[in-house]
């Protein structure tokens with residue numbers, strides 16, 4: 001026994017599109033992280049700058065007090081006329097320092113500097129306050145404010161410098177950032193958890209829809225009966241309409257199958273009885289009954305094709321091209337007949353082109369066959385439908401007989417060839433698309449007027 005190699009190969013797994021809930025949570029998490037990240041950086045910048053400005057303001061206060069208490073001694077050197085305002089200037093390596101420097105003079109330093117001195121940089125030559133960070137002391141970063149001043153009675157430019165260790169400033173900023181990271185982290189986790197809860201809760205009705213569809217598939221229910229939020233309700237309504245539509249199509253299929261079986265049963269019985277009895281006109285009987293069966297099969301096939309094509313929501317057909325095509329075909333069959341077309345050339349209907357051709361062909365052919373030689377076709381586009389009027393100059397049909405002419409096999413003139421299914425097919429196909437067909441008396445030509453109404457195309 002031959003065995004296909006493909007039966008031993010693993011089947012490719014169908015790649016899913018992922019979880020909608022997971023997508024929503026991931027998107028929300030990314031958005032929350034980005035917002036909190038950028039917001040945290042901006043807030044960190046603002047608060048760190050505020051703490052630094054407050055730190056600099058304290059140093060500026062000390063610098064101003066230092067300048068206010070400075071004087072020039074008899075030897076031209078600068079000194080302070082009162083003790084420094086902060087006790088830390090007197091404690092060695094306290095972290096708070098000052099220094100007054102002038103050209104050709106030894107720097108006047110605070111006792112806290114002890115054996116060290118602040119660097120005097122020549123980066124600027126003005127009398128404005130300058131602030132900068134410095135790492136000139138080993139293992140101690142400094143925040144320095146300096147200003148050049150000319151003291152009364154001295155031609156020398158004196159540079160006043162106040163420096164403080166950044167340890168306290170960096171500690172405050174570190175505590176701030178640690179607090180912000182913890183707070184924003186907790187806020188982000190809370191928001192992500194809320195987004196996850198929202199996603200699960202918001203999509204829960206879809207899970208209920210899935211369960212309802214599973215119940216329909218298993219046969220427990222025939223419709224989705226539960227109530228849903230207004231965003232999901234249109235979906236469930238459309239699903240119920242689709243189920244009803246499918247049931248209607250299935251019922252139509254069963255009914256047509258039953259009608260066809262019933263229609264074929266009688267001819268088959270006649271043929272069987274004739275063959276069993278050895279009837280001398282067996283051949284004529286078979287031909288007659290086969291013609292009947294073929295007529296019934298053609299009729300039901302036309303209906304089946306129309307029902308199958310009706311499900312297409314994009315079914316559109318232009319009326320005028322179909323009329324012209326039918327006119328050319330009928331002209332070849334009935335050369336003595338004159339067919340006039342008039343009306344809206346841009347009208348379109350929500351019908352498949354093949355079904356439209358079949359309906360118009362039956363109506364115009366009947367008018368040409370049973371009329372007196374003239375056929376007049378008018379197209380009218382109304383707001384909700386398109387009317388197609390087919391008139392002839394024949395004998396017409398009495399009003400009492402018009403309803404019965406739509407019966408299968410009914411014929412206008414038994415002397416002329418035909419199956420008697422033309423108008424019945426037109427009626428059935430028109431009704432399948434939501435249209436209608438009616439018979440009236442033609443006022444202009446005096447014969448029969450067939451008024452076909454079809455839904456207007458968008």
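Please verify whether segment 54-62 includes one or more residues that are surrounded by 14 or more Cβ atoms within 10 Å (Cβ to Cβ), part of a strand (DSSP E or B) and touching a strand residue (DSSP E or B) at 6+ places or on another chain (Cβ under 9 Å).
Within segment 54-62, none of the residues are surrounded by 14 or more Cβ atoms within 10 Å (Cβ to Cβ), part of a strand (DSSP E or B) and touching a strand residue (DSSP E or B) at 6+ places or on another chain (Cβ under 9 Å).
Residue 117: assigned by TED's automatic domain parsing to the domain that holds residue 76 and within 60 Å of the chain's Cα centre (by Cα), yes or no?
Values: assigned by TED's automatic domain parsing to the domain that holds residue 76: yes; within 60 Å of the chain's Cα centre (by Cα): no.
Criteria not met by residue 117.
Select from segment 386-418 the residues that are at positive phi and at pLDDT below 50 and write down the one among them that is surrounded by the most Cβ atoms within 10 Å (Cβ to Cβ). Steps first, answer last, please.
In the first step, residues of segment 386-418 are kept if they are at positive phi; the result is 396, 409, 418.
Retained after the next criterion (residues that are at pLDDT below 50): 409, 418.
Details: 409: 14, 418: 16.
Across segment 386-418, the extreme among qualifying residues is 418.
Being in contact with a helix residue (DSSP H, G or I) (Cβ under 6 Å, 6 or more places away or on another chain) and either assigned to a loop (DSSP other than H, G, I, E, B) or outside the structural domain of residue 70 (by TED's automatic domain parsing) (or both) is the filter here, so list the residues in segment 101-113 that pass it.
From segment 101-113, those in contact with a helix residue (DSSP H, G or I) (Cβ under 6 Å, 6 or more places away or on another chain) are 110-112; that's our starting set.
The answer is 110, and nothing else.
Only one of 116, 82, 121, 125 is at pLDDT 90 or above, assigned to a loop (DSSP other than H, G, I, E, B) and over 27 Å from residue 173 (Cα atoms); which?
Values: 82 fails: at pLDDT 90 or above; 121 fails: at pLDDT 90 or above; 125 fails: at pLDDT 90 or above.
One residue alone meets the criteria, 116.
Quick check on my filter: what residues within segment 21-40 are farther than 30 Å from residue 204 by Cβ and surrounded by 11 or more Cβ atoms within 10 Å (Cβ to Cβ)? Write out each step before concluding.
The initial filter retains those residues of segment 21-40 that are farther than 30 Å from residue 204 by Cβ, namely 37-40.
Selection gives 37, 39, 40.
Return the total of residues in segment 82-104 being closer than 21 Å to residue 134 by Cα and free of Cβ contacts under 8 Å to residues at least 12 places away in the same chain.
The total comes to 0.
Given the criteria surrounded by 13 or more Cβ atoms within 10 Å (Cβ to Cβ), out of contact with any strand residue (DSSP E or B) (no Cβ under 9 Å at 6 or more places or on another chain), over 30 Å from residue 186 (Cα atoms) and touching a residue at least 12 places away in the same chain (Cβ under 8 Å), does residue 78 qualify?
no
Filter segment 207-239 down to the residues that are surrounded by 14 or more Cβ atoms within 10 Å (Cβ to Cβ) and not in a loop (DSSP other than H, G, I, E, B) and list them by number.
208, 209, 212, 213, 215, 216, 235, 236, 239
Looking for something within 30 Å of residue 26 (Cα to Cα), modelled with pLDDT of 90 or more and surrounded by fewer than 18 Cβ atoms within 10 Å (Cβ to Cβ) - is there at least one such residue anywhere in segment 100-111? Lay out the reasoning, then the answer.
We begin by selecting, within segment 100-111, every residue within 30 Å of residue 26 (Cα to Cα); these are none.
Within segment 100-111 (the criterion being within 30 Å of residue 26 (Cα to Cα), modelled with pLDDT of 90 or more and surrounded by fewer than 18 Cβ atoms within 10 Å (Cβ to Cβ)), the answer is no, since none of the residues qualifies.
Please verify whether segment 120-134 includes one or more residues that are surrounded by fewer than 15 Cβ atoms within 10 Å (Cβ to Cβ) and more than 28 Å from residue 70 (Cβ to Cβ).
No, there is no match, as no residue in segment 120-134 is surrounded by fewer than 15 Cβ atoms within 10 Å (Cβ to Cβ) and more than 28 Å from residue 70 (Cβ to Cβ).
The values are calculated or read from the model by the stated rules, or taken from the named source; none is laboratory data. None of the values given here were measured: they were computed from a predicted structure. Positions of Cβ are backbone-derived with ideal geometry, glycine not excepted, and every protein chain shown enters the neighbour counts.
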